[in-house]
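Everything below concerns the one structure shown next.
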């Protein structure tokens, strides 16, 4: 540990709070392969302290008017925009993303804050006058209480904004457990929320590992849990949280396919495949990891992708010319490299080997391209979560569709074609939650909602957007009558509306 390594804190009740568990984890600079900071790993009692603060704060925050809550969101939006370069630098230093990628993440997260600014309109209920004689019926949506978010390393700024913007605007208070691999972005956002006027205790950041996660899932005062991460952990979060009586949305892994039909613009398809496979070093659940190429165009498409790979500049984000940074840890880099090393033994063709000629420092890989990949191979079946693109050759549209629908994941997919009828049939028949038509990464805009199907989602509500508002609120229906007391009688029959 160098003398330059700093110790981070939790954020509880509107201020930095030192960890007391005695356990810490190392935060690395993945571009250099050196330790950057130590982050405390909370005990169950530390998590409980944050929840207690959030529970007390929620009483006043829930009673705060909608216009005032919207005002806080508007201020937060301006503060994030004004400080986006500093926030991006934190993401780049701890995750390894190049600055342009980090800024893109922040921009997409900011969209969700902007959506939450409309909370007075989003929480409007319905009203039915004279549902029966002298009876009016209306519904309202109310906050759940204290809610928690458990977020992944690959989007340390955006994914928290997916969660807390709607949760806070709806009148809940929030406990965030960010990834211990890159926690500084969450602490910076906490400071901006305080500057925006959010009362102390409404937003808390507690760092930790499985002990903190289990404490969240078991805590009786946490009403709901949002999670983004791998499928095995998502399943665990969902099963454990719901067993404890919580509302849970848990987004898991992915194996996203891009179907390229013979009539597609192959240059555009090649550009899209390279962008979607290697952006953020492939460490995103919406990355394209498999291109399904029709036999008649596969050779040409593979050639075009191959030609583009040498032009990708790999290196640390400190050089603005670089387009792809390192992987998050040395262990993960080695795991990803293992898929490339073992591909030929399984029958695939290693067209581009990205495990060689990498920068000496840091956790880097270059882009890899595998051809003739088939189901049953590890490079096809597993979510690699790195800069490895596989090409699977198919004989027909129907074969490609079947491969996508047979996959255990159903997060995102794309089709590249000039045939409107084929595109319409694809979006109708494909069993995936998010579909792109000539769009390789179909992440929905903030006023729709994000989430997949099958093993990519556990729970009934997708994240952010309208479904996010529904997730963080519960509906109450009120039936009201103001009769003349003189007409009051006893009636033991079931009430009728006629």
Subject >> residue 282 vs. criteria within 19 Å of the chain's Cα centre (by Cα) and within 26 Å of residue 427 (Cα to Cα) >> reply: yes
Original post:
Quick one: is residue 451 out of contact with any strand residue (DSSP E or B) (no Cβ under 7 Å at 6 or more places or on another chain), modelled with pLDDT of 95 or more, under 30 Å from residue 123 (Cβ atoms) and not assigned by TED's automatic domain parsing to the domain that holds residue 290?
Top reply: no
Subject >> residue 47 being surrounded by 20 or more Cβ atoms within 10 Å (Cβ to Cβ) and over 22 Å from residue 158 (Cα atoms) >> reply: yes
Subject >> Top-ranked residue in segment 384-420 [being part of a loop (DSSP other than H, G, I, E, B) and buried (at least 21 other Cβ atoms within 10 Å of the Cβ); ranked as farthest from the chain's Cα centre (by Cα)] >> reply: 407
Original post:
Given the structure, is residue 149 at positive phi and either buried (at least 24 other Cβ atoms within 10 Å of the Cβ) or in contact (Cβ under 8 Å) with a residue 40 or more places away in the chain (or both)?
Top reply: no
Original post:
So, in segment 197-222, of the ones that are farther than 22 Å from residue 27 by Cβ and surrounded by 19 or more Cβ atoms within 10 Å (Cβ to Cβ), which residue ends up nearest to the chain's Cα centre (by Cα)?
Top reply: 217
Original post:
Can you name the condition, by its number, that residue 435 falls short on among (1) out of contact with any strand residue (DSSP E or B) (no Cβ under 7 Å at 6 or more places or on another chain); (2) touching a residue at least 12 places away in the same chain (Cβ under 8 Å); (3) within 30 Å of residue 289 (Cα to Cα)?
Top reply: (1)
Subject >> Failed item in (1) closer than 30 Å to residue 94 by Cβ; (2) within 25 Å of the chain's Cα centre (by Cα); (3) buried (at least 22 other Cβ atoms within 10 Å of the Cβ), with residue 340 passing the rest >> reply: (2)
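For segment 147-163, state whether one or more residues are assigned to a helix (DSSP H, G or I), within 28 Å of residue 322 (Cβ to Cβ) and more than 15 Å from the chain's Cα centre (by Cα).
Checking segment 147-163: not a single residue is assigned to a helix (DSSP H, G or I), within 28 Å of residue 322 (Cβ to Cβ) and more than 15 Å from the chain's Cα centre (by Cα).
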**OP:** Sort out which residues of segment 232-277 are in contact with a strand residue (DSSP E or B) (Cβ under 6 Å, 6 or more places away or on another chain) and more than 23 Å from residue 405 (Cα to Cα), and write them in order of number.
**Re:** 237, 238, 241, 242, 246, 247, 248
Original post:
Taking the stated definitions as given, is residue 436 at pLDDT 95 or above, in a helix (DSSP H, G or I) and within 27 Å of residue 257 (Cβ to Cβ)?
Top reply: no
**OP:** Just give me the residues in segment 201-217 being without any contact (Cβ under 8 Å) to a residue 40 or more places away in the chain and within 12 Å of residue 41 (Cα to Cα), in sequence order.
**Re:** 210
**OP:** Select from segment 195-223 the residues that are assigned to a helix (DSSP H, G or I) and in contact with a strand residue (DSSP E or B) (Cβ under 8 Å, 6 or more places away or on another chain) and write down the one among them that is nearest to residue 65 (Cα to Cα).
**Re:** 216
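The values are calculated or read from the model by the stated rules, or taken from the named source; none is laboratory data. Quick caveat: nothing in here was measured; it's all calculated off a predicted structure. We place every Cβ from the backbone using ideal geometry, glycine too, and count neighbours over all the protein chains shown.
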